[in-house]
Amino acid sequence: MMKIFISVLSFLVLISTGVWGAERSLQETLRDYIAANSAWPGATVTVENLSLKGDALVGNEYDRLIVSSRNGARTTGRVSFNITLLKGERSVRTVVAVADVSVLRNVVVAGGPIKMHGDISASDVMLLMRDISKIPVHAAVSLDSVIGKEARRPIQAGSVVRDDYLLRPQLVKRGQSITVLGESGLIVVRSRATAITGGVRGALIKARTPGGREISGTVSGKGLILVDLGL
């Protein structure tokens, strides 16, 4: 049994064919081909049970290898590869290599159940390796991209957190008592109000003062809006 582990450290564009020199082993050639076909930066590629069909390779009869997948763009599972041997520009022969391939990637996983509209903290999530064949589309791959956001839907413990499950956190919520900062030049007036609508940072919302006047302001922080005094 042959087993190879590699780490893909930079983003690699999906390609259909790769060419390598004869001095490199078949294992290295297949390893690099699979890595080049991985669309997941930072993924770990595992190759097991590598076997050849047809004639064995003869090192002196070729100076280049061309590798192409017989499974199209799919690079996980039981995958077959065409190995074409070239001498100069002439094709010498083609053999078939077969291997079990898995591509693992760190993704964000919920450590416990996360409620809908709950704010996500560092204790709620973790990074775990998952096979890319089981990773959903839009899976979050960075803790920083998740922590501090709000869950748009319930997320079960152990589930992969998707970017489309997340909302920018509402810093002001409807009905909340908030601080109002009124500014005009060097003049700053601080007062209180009740939010009529909620919003994320930068959103324009409405609030009602203790005297019943409706005002509009821009969300600037948690429980804080800025209004222009217009003086």
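The values are calculated or read from the model by the stated rules, or taken from the named source; none is laboratory data. The shown structure was predicted, so the numbers you read here are calculated from the model rather than taken from an experiment. With ideal geometry, Cβ positions are generated from the backbone for all residues, glycine too; neighbour counts draw on all protein chains shown.
Among the residues of the range 178-194, those that are in contact (Cβ under 8 Å) with a residue 12 or more places away in the chain, in a strand (DSSP E or B) and not hydrophobic (A, V, I, L, M, F, W, C) comprise T179, G182, E183, S184, S191, R192, T194.
Exactly one residue out of T197, T218 is assigned to a loop (DSSP other than H, G, I, E, B), surrounded by 13 or more Cβ atoms within 10 Å (Cβ to Cβ) and not assigned by TED's automatic domain parsing to the domain that holds A151: that is T197. Out of all the residues in the range 73-99, which are more than 24 Å from the chain's Cα centre (by Cα) and either assigned by TED's automatic domain parsing to the domain that holds S133 or β-branched (V, I, T) (or both)? Matches in the range 73-99: V79, I83, T84, V92, T94, V95, V96, V98. Every test in (1) among the hydrophobic types (A, V, I, L, M, F, W, C); (2) modelled with pLDDT of 90 or more; (3) in a loop (DSSP other than H, G, I, E, B); (4) farther than 15 Å from V108 by Cα is passed by I147 save one, and that test is (4).
Applying the condition of being under 14 Å from the mean Cα position of the chain (by Cα) and of a type in the set (D, E, K, R) to the range 108-133 and asking which residue is modelled with the lowest pLDDT yields D131. The single condition among (1) farther than 15 Å from G221 by Cα; (2) surrounded by 13 or more Cβ atoms within 10 Å (Cβ to Cβ); (3) hydroxyl-bearing (S, T, Y) that S123 does not meet is (2).
When every residue of the range 158-167 is checked against the conditions, none turns out to be part of a loop (DSSP other than H, G, I, E, B), among the aliphatic types (A, V, I, L, M) and outside the structural domain of G118 (by TED's automatic domain parsing). Remark: L104 matches the filter, which requires a residue to be in contact with a helix residue (DSSP H, G or I) (Cβ under 8 Å, 6 or more places away or on another chain) and part of a strand (DSSP E or B). Inspection of the range 155-173 finds a residue satisfying the criterion of being closer than 30 Å to P210 by Cβ, over 21 Å from the mean Cα position of the chain (by Cα) and without any contact (Cβ under 8 Å) to a residue 40 or more places away in the chain.
Determine if the range 177-190 includes at least one residue that is over 29 Å from D119 (Cα atoms), of a type outside the set (D, E, K, R) and surrounded by 12 or more Cβ atoms within 10 Å (Cβ to Cβ). Yes; the residues of the range 177-190 include at least one that is over 29 Å from D119 (Cα atoms), of a type outside the set (D, E, K, R) and surrounded by 12 or more Cβ atoms within 10 Å (Cβ to Cβ).
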